[in-house]
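Since every read-out is calculated from the coordinates, none of them should be taken as a lab result. If you're wondering where the values come from, they're calculated on a predicted model, not measured in any experiment. Glycine gets a Cβ as well: all are built from the backbone with ideal geometry, and neighbour counts include every protein chain shown.
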Amino acid sequence: MLLTTPTDNNADATPLVIAESMSVGVPVISTRVGGVPELIEDRRTGLLCEDSADAFRQSILEFSTDDVLYNELVNNTKLEFNRRFSADVTFSKTIDAILKYCI
């Protein structure tokens, strides 16, 4: 998945589409805008690149030619999603926050 949010624009600083992509094992190529680096670990769960057409082209080319990297990223994105964003984790964190701040 290619997320091309310009680095000079924080319109969607923590895009939900990153977690959605991770949930089905789709690695993300993105710029380092806003909270994106908190969601994507470069070369482990996706690729972070500079905000230029050439940088995106190089990242796409790397995905398409390095099967080992691509397969590692696919596996890592699924594991990371389950560790951080699965329904069980999200529900548990929500209940903890309610108990801590609302009751």
Any idea what log10 I(q)/I(0) is at q = 0.12, 0.16, 0.23 Å⁻¹ for the chain, Debye with uniform C-alpha scatterers and no solvent?
-0.43, -0.70, -1.17
For residue 53 and residue 26, what does the FRET efficiency come to when R0 = 30 Å and r is the distance between their Cβ atoms, rounded to the nearest 0.05?
0.90
Round to the nearest 0.05 the FRET efficiency obtained for residue 65 and residue 94 when R0 = 35 Å and r is the Cβ-Cβ distance.
0.25
Along region 53-64, Karplus-curve 3J(HN,Hα) (6.51, -1.76, 1.60; θ = phi - 60°) to the nearest Hz, with x for Gly and Pro, reads 4, 5, 5, 5, 4, 5, 5, 4, 4, 4, 4, 7
Between rounded, prolate and oblate, where does region 21-72 land on the alpha carbon gyration tensor, with a ≥ b ≥ c its root eigenvalues, rounded for a/c under 1.5, else prolate if a/b exceeds b/c?
oblate
